[in-house]
Amino acid sequence: MQNSRRKFLEQSLLSGYLGTIGGNLLANPSSQSSSAALKKAKVIVVGGGFGGATTAKYLKIYSGGKIDVTLIDPAQNFISCPLSNLVINGQMEISDLTKSRLELERKYGINIVNDTVEQIMPEARKILLKQGGTMSYDKLVLSPGIDMMWESIPTMKDPAIQNRFVHAMKAGTQTLILKKQLESMEDGGVFAISIPLAPYRCPPSPYERASQVAHYLKKFKPKSKVLVLDANAEITSKASLFKRAWSTYYPNMIEYRNNHTLVDVDPAASALLFEVQDDVKASVLNVIPPMRAGDIAHRTKLANINQRWCEVDFLTYESKIMPNIHVLGDAIQSSTQTPKSAQVANGQAKICASAIYHLLADLPIDKNPNFSSICYSILGDKTGAHISTLHHFDKNTQSMAVIAGSNSISTTDNPKEYLSAIKWANDIWADTFI
Ligand SMILES: Cc1cc2nc3c(=O)[nH]c(=O)nc-3n(C[C@H](O)[C@H](O)[C@H](O)COP(=O)(O)OP(=O)(O)OC[C@H]3O[C@@H](n4cnc5c(N)ncnc54)[C@H](O)[C@@H]3O)c2cc1C
């Protein structure tokens, strides 16, 4: 690849990572009739996280406020997973990651409903709310994130055990429980992290967690150890960067064991039970179970790929099996090159919002959508590193593929990229909620 093209791609990623490159996003309604159709159109967005809130906001922006958009989420505020590993080791507060959705209502006129969607009735184009009442839609957008496959760890079907061996892969209460467990651990104890086979939410996040837990232990409980028990054959993201950081900053403190598939836990012994290897006892068990699309997608039978992920048309994010329901974010089936991340959910949301607007206005949709994926991790004491790619729609596979030569990865973690990671988080929070 020519140097100038590589440079252009890197610049696109590192400076404008929250835009899409190219695309036909801002076409105006071409006639009075399409404008009238838009005015009556009702879109309900289920899930006010990175995917859902961004879709709701951009539906309003692209339609000039004409589409009637309702955003439903049980919680008044959103708590961000990105940077939540820094809450576990005390470098940040949960309040730093808590974002209000009120600006979406005030600035863009989105109707915010704090409730849970209990049921979707695709034939009738209606949803049922937990607190009672139904709502009708022309288009439904689902970005419910992930839920856990508790059936693969039988003892953990018990909610009391789930609250003891927390995953902390949804930021909030569980993040704070894990922080408390780390603080209460004896010096000389073992903090074990069990990682499921990919795909799971945010591939590098468990390894970032190992790094940041070790950062805390080095300072406060230096005789302790982090044990990473990974079902995968190798660290699934930024492997060489993590290995270098672990041996440089935390020598003999982080032990990594691959091919460890968890089959159950033993609460009495505080132990992890594996398919092949011996049981492992530890002071803290951070059990990250296998994941699938959020419960509402699963219950609606939208998760048609291995009963885990939802299959969509990558030009519109419409479900392949249920018309007028669009699914995005962590809940969908995507290529192995596409991580389940906030950055990717943000890009998908803009493509989905643009497609829905164009469909409702009876205008042609963009046939060449693209987005960027950039993922920072914090490895040392305020040092960060990134991995990034640009993705475009591949007509042959009808899915999003990495643009050849667009890959970029830090050579080593460094203080500048810690600051870039914080800036990235602030930018995506603003792009989603303000
Ligand atoms: C520790 C950690 C660190 C991470 N770091 C990064 C990072 O640095 N960069 C990055 O890009 N990504 C990161 N991620 C991944 C990122 O958080 C997710 O990929 C992203 O949140 C996915 O967006 P989503 O919209 O699919 O789901 P979410 O953002 O989880 O939003 C789902 C929303 O749906 C709501 N919901 C679910 N069911 C219903 C229902 N029935 N009715 C109403 N509402 C419902 C939930 O309340 C929730 O608010 C990290 C994840 C973790 C766990």
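Here are the numbers for the structure shown:
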quantity: Distance in nm between pseudo-label sites at GLN277 and SER240 (7 Å out along the Cβ direction from Cα); calculated: 2.5
quantity: Surface share of carbon and sulfur [accessible, 1.4 angstrom probe, percent] for the chain; calculated: 52
quantity: Gain on full stretching of the segment that runs from ASN232 to GLN76 - 0.36 nm per residue minus C-alpha separation; calculated: 52.5 nm
quantity: The range 231-286 - convex hull of the alpha-carbon atoms, volume per residue in Å³; calculated: 94
quantity: Packing rank of 39-49, 360-370, 61-71, where each peptide gets the mean count of other beta carbons within 10 Å, highest leading; calculated: 39-49, 61-71, 360-370
quantity: Protein-only accessible surface order, largest first, of GLU318, GLU311 at 1.4 Å; calculated: GLU311, GLU318
quantity: Backbone HN-Hα couplings from phi across the range 86-101 [Karplus 6.51/-1.76/1.60, Hz, Gly and Pro as x]; calculated: 7, 6, 4, 9, x, 7, 9, 9, 4, 5, 5, 9, 9, 10, 7, 9
quantity: Whole-percent pair-distance distribution, where bins are 10 Å wide, for the alpha carbons of the range 150-289; calculated: 12, 46, 37, 5
quantity: Kirkwood Rh, angstrom, the chain [1 / mean 1/r, Cα pairs]; calculated: 22.4
quantity: Above-threshold pairs, the threshold being 32 Å between Cα atoms, out of LYS42/LYS179; LYS66/LYS367; LYS42/LYS340; calculated: LYS42/LYS179
quantity: Rounded to 10°, Cα long-axis angle of helix 173-184 versus longest principal axis of the chain; calculated: 10
quantity: C-alpha long axis of helix 342-360 to longest principal axis of the chain, angle in °; calculated: 10
quantity: Ordering of 80-88, 371-379 by packing [mean C-beta count within 10 Å, highest first]; calculated: 371-379, 80-88
quantity: Under 14 Å, Cβ to Cβ, from PRO154 - net charge with Lys/Arg +1 and Asp/Glu -1; calculated: -4
quantity: Between 0 and 90°, nearest 10: helix 415-433 axis offset from the chain longest Cα axis; calculated: 40
quantity: Cleavage-rule hits, GluC sites (Glu not before Pro), the range 84-126, DSSP coil, Cβ neighbours within 10 Å at most 12; calculated: GLU93, GLU123
quantity: Protection proxy ranking of 388-396, 188-196 - average other beta-carbon atoms within 10 Å, highest first; calculated: 188-196, 388-396
quantity: For the range 150-289, accessible area per residue (1.4 Å probe, heavy atoms of protein chains only), Å²; calculated: 41
quantity: Point-to-point label distance, ARG106-ALA36, nm (Cα→Cβ direction, 7 Å offset); calculated: 3.7
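The values are calculated or read from the model by the stated rules, or taken from the named source; none is laboratory data. Predicted model, so just to flag it, every value in this text is computed and none were measured. Virtual Cβ from ideal backbone geometry, glycine too; neighbours counted across all protein chains shown. Side chains included, ligands, DNA and RNA excluded: accessible areas come from the protein's heavy atoms. Shrake-Rupley method; radii C 1.70, N 1.55, O 1.52, S 1.80 Å.
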